[in-house]
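The structure appears right after this line, and notes come after that.
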Amino acid sequence: MPYYSPGESLVRERSDRFLRRMYFMRMLGTFLCFFPILSVLLERGASWVAIALLTLNAFVWPHVAMLISQRSKQPNQAEFRNLAFDAIAGGAWVAQMGVCLLPSAVITSILIADRFSAGGWQLLRRAALFYCIGFIVCWPFTGMTFYTTVTDRTLWLTLPLSTIYIIAFSAANYSISRKLRDKQHELEKAALMDPFLGLPNRRLLDRRLMLEFERSKHDLACLMVLGVDDLKMVNDLFGREAGDYVLRSVSAILRQETGLNDFPAILGGDEFVVILPGVSEEEAYAVGYRLLLKTSEIRLSQDEGFQCSLSIGVATSKHHENHNQWLATAERALVNVKRNGKNSIGSAGRAEAVA
């Protein structure tokens, strides 16, 4: 069983977007191809049958292809079959034109770019095969002769195909690539943020901690490790929902009470971290004292007498070889605070309790 299976509505929505894009590009492509191909066919004295088939291909086939895909149980697979027919038609019309150099080169190039964009090398190889089949089947009906003349009329009628279609193709691909970038950004953000608490997780914390430690070699920096006191007791007495409420409340306080340059994050379990760039130990104590006061305002509906508290360990970046040592020092300071009564701030050099 897969770990995640997208909903049917989501899959259908993605499929519909793909079909609409292909429908628009097919309509535009067949419309723009119609005129240079018609010009060459008229110059070669083609029969009315060939011209009628060209007209159907240009103005009827895009709508038929859309209906086929929409009514299929597997729309994407049906659309890939439609793309195969497009390749056959492309090869057939190149043969009918006697491989007239300019329109044939432009049409072939567009087919290659379109198929590669839609399905990569696999679809391109398949399309090339069908393109060759269309060419080989129709080539004998043209007398197997080449038509090397490119008249001014054919030249001018080919220009819109080589400009308008390519611009539209680029715009469509840009829209897709932009959506992919946005989606990638969302995924990266989700991978680095805790969705439950709205704070960076340990993965992003390690990156930022390393960066700030390197910066602190030229400036001050402090690190605070905060632990929620007696969270296990809260879970045991009032249930895990109460404990989750406390964690979310503390997270909100950290977001609200820290500065723009500060970096609050989750360390794990009931512990948080705040990186304070450009802050001395005295200033860090002031921030910690404010956090203790704000945290003491958290109340539980299950117990009006409950008062939340934090224990905070503080460490400056000085005298550490790397960011891991810096974090370890702050964690040791937190352990000492909890041993000495909790609800206070401490560092390697001192500790302050909050009544």
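Normalised by the number of residues in the chain, the mean separation of alpha-carbon contacts (under 8 Å, six or more apart) gives a relative contact order of 13 percent. Kirkwood radius for the chain, taken over all pairs of different Cα atoms as the inverse mean of 1/r, rounds to 26.0 Å. Residues Met233, Met25, ordered by accessible area of protein heavy atoms at a 1.4 angstrom probe radius and largest first, appear as Met233, Met25. For the residues Arg44, Arg332, a 1.4 Å probe over the protein chains yields an accessible-area ranking, largest first, of Arg332, Arg44. Net charge dipole, segment 219-311: roughly 240 debye, given to the nearest 20, about the Cα centre with Cβ charges of +1 for Lys and Arg and -1 for Asp and Glu. Averaging 1/r over each pair of different alpha-carbon atoms in segment 227-355 and inverting the result gives 15.0 Å, the Kirkwood hydrodynamic radius.
Cα centroids of segment 15-57 and segment 197-242: 63 Å apart. Helix 61-71 and the long axis of the chain differ in direction by around 50°, with both axes built from C-alpha atoms. Its Cα gyration tensor gives segment 15-142 an equivalent ellipsoid; the semi-axes, largest first and in whole Å, are 25, 16, 12. Estimated from helical segments only, the mean residue ellipticity of the chain at 222 nm is -22500 deg cm²/dmol, where each DSSP H run of four or more residues counts as -39500 (n - 2.57). Computed in the context of the full set of protein chains, the accessible area of segment 296-349 at 1.4 Å probe radius has 41% of its extent on carbon or sulfur.
Helix 8-43 axis versus longest C-alpha principal axis of the chain: approximately 30°, rounded to the nearest ten.
Rounded to the nearest 20, the Cβ-based charge dipole of the chain about its Cα centre (Lys and Arg +1, Asp and Glu -1) stands at 1440 debye. Across Leu220, Leu28, the residue with the most accessible area heads the list, and the full order at a 1.4 Å probe is Leu220, Leu28.
With protein chains left intact and a 1.4 Å probe, residues in the chain average 56 Å² of accessible area per residue. Indicate, rounded to the nearest 5 percent, the antiparallel portion of the DSSP beta bridges found entirely in segment 201-355. The antiparallel fraction comes to roughly 90 percent. At the residue level, Lys342 shows approximately 70 square angstrom of accessible surface with a 1.4 angstrom probe and all protein chains present.
Rolling a 1.4 Å probe across all protein chains gives Tyr131 an accessible area of roughly 50 Å². The translational diffusion coefficient of segment 249-294, from Stokes-Einstein at 20 °C and 1.002 mPa s with a Kirkwood hydrodynamic radius over alpha carbon pairs, comes to 196 µm²/s.
The packing ranking, built from the mean of other Cβ atoms within 10 Å per residue, places the peptides 197-209, 159-171 in the order 197-209, 159-171, highest first.
The values are calculated or read from the model by the stated rules, or taken from the named source; none is laboratory data. Predicted model only: the values in this text are computed from it and were never measured. A quick note on method: Cβ atoms are made from the backbone with ideal geometry, for glycine too, and the neighbour counts reach across all protein chains shown. For the accessible areas, the whole protein counts, side chains as well, though only heavy atoms, and no ligand, DNA or RNA atoms are used. Shrake-Rupley method; radii C 1.70, N 1.55, O 1.52, S 1.80 Å.
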